[in-house]
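Written below as structure tokens is the structure these notes are about.
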Amino acid sequence: MRIGIGIQVGTIEGALYGLPALLELFGEYDLKATWFLSLGPDRSVPWWQRMAGAPFISDTAREGLLRLATEGHELGLAPFDAVRWHDEAAHADRAWTERQIRPGLDIYRRMFRQDPTCFGANGMQVNPFLFDIESDLELKFASDVLGQTAFLPRAQRVDGEVPQLPVTLPSVAEALHERGVNEDNVHEHIFDASQKLLVTGHVWRIDAEADGIDFIDVVEKMLVMWRGSQRELGPVGALLAPLDFAGLRRHQIGWQRDAEGGYVAAQSVAAD
């Protein structure tokens, strides 16, 4: 069973502290991951740091972000403003959605001198226009929702043409909301979930902010357990290689309640 690892970077704290810690850890085990980068304003910083405007992640953590490319990790784009996306994306129109993608795309191109190959929506919050824009950008894949297998998305009669490699496993922070799960056994809970056989393989998406700082020891336990059980670990895009793109089914996008009581987008019934 293959496991693709995606890491969301949505704050300056995550970029300055979680990112280097995770990079060091993955380097120790000679592993690569996919990094979904929000490059715009960080509205999670204290108010006094936002008095002259929220600082940009791309400016404050530029050196660390560039290090991802030099060390050979797979880089993807995330919404420009992670906080606003999480709060407003589900009910936004196309113009708003464009404003949450195009500025970050411009910064990404200037920083890395290439186009992103993938996209990962913060908090698994989506709208139909996102899938249309992803198609326009001709991305190789996106990982925006929960699910079980690779598929093509349909949302409110909008058909996306970029394959979704959905998230299949909970992050450490999410798993800790499950009944009976605590910091002593959370790694066992996630490992048990990864035992389920899936055609595409599993996708584990974690946050640089929480998992890279507060739960870095748990992340290491997961890497050790998976490698010990002969799992193939790598970036999410590695799951694309064996796929039959012509045979991908189209699925509706639905919403389901998460462990924290909110709603996240998820792969739903087949649409064809």
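The values are calculated or read from the model by the stated rules, or taken from the named source; none is laboratory data. None of the values given here were measured: they were computed from a predicted structure. Cβ atoms come from the backbone with ideal geometry, glycine included; neighbour counts cover every protein chain shown.
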| message | Which pairs turn up if I take residues in region 104-125 that are hydroxyl-bearing (Ser, Thr, Tyr) and look for partners that are in a loop (DSSP other than H, G, I, E, B) with beta carbon separation below 9 Å, at least 6 apart in sequence or on another chain? | response | 108/39; 108/114; 108/115; 108/116; 117/139; 117/140
| task | Sort out which residues of region 240-261 are closer than 19 Å to residue 171 by Cα, surrounded by 16 or more Cβ atoms within 10 Å (Cβ to Cβ) and modelled with pLDDT of 90 or more, and write them in order of number. | result | 255
| task | Could you give me the residue pairs with C-beta distances under 6 Å whose first residue belongs to region 187-204 and is at pLDDT below 95, whose second residue is crowded, with 22+ Cβ neighbours inside 10 Å and in a helix (DSSP H, G or I) wherever it lies, and which are 6+ apart or on separate chains? | result | 200/239
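Matching residues to (1) under 18 Å from the mean Cα position of the chain (by Cα); (2) part of a strand (DSSP E or B); (3) not aromatic (Phe, Trp, Tyr):
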residue: 179; (1), (2), (3): no, no, yes
residue: 189; (1), (2), (3): no, no, yes
residue: 209; (1), (2), (3): yes, no, yes
residue: 217; (1), (2), (3): no, no, yes
residue: 220; (1), (2), (3): no, no, yes
residue: 246; (1), (2), (3): no, no, yes
residue: 265; (1), (2), (3): yes, yes, yes
residue: 272; (1), (2), (3): no, no, yes
| query | Considering only region 236-267, how many residues are within 25 Å of residue 181 (Cβ to Cβ) and among the hydrophobic types (A, V, I, L, M, F, W, C)? | reply | 6
| query | Does residue 236 count as under 24 Å from residue 32 (Cα atoms) and over 17 Å from the mean Cα position of the chain (by Cα)? | reply | no
| request: Tell me the helices (runs of 4 or more DSSP H) entirely within region 47-161 that contain at least 3 residues that are not β-branched (Val, Ile, Thr). | output: 62-70, 82-88, 94-99, 102-112, 128-136
| request: Could you grab me the full set of residues in region 228-244 that are free of Cβ contacts under 8 Å to residues at least 12 places away in the same chain and either part of a helix (DSSP H, G or I) or in contact with a strand residue (DSSP E or B) (Cβ under 7 Å, 6 or more places away or on another chain) (or both)? | output: 228
| Sole exception among (1) in a helix (DSSP H, G or I); (2) at positive phi for residue 225, by number | (2)
| note | Going through region 208-222 in order, the residues found to be surrounded by 19 or more Cβ atoms within 10 Å (Cβ to Cβ), of a type outside the set (Val, Ile, Thr) and at pLDDT 95 or above are 208, 215, 222
| said: Taking the criterion of being under 19 Å from residue 3 (Cα atoms), touching a residue at least 60 places away in the same chain (Cβ under 8 Å) and not basic (Lys, Arg), would at least one residue in region 172-183 satisfy it? | reply: yes
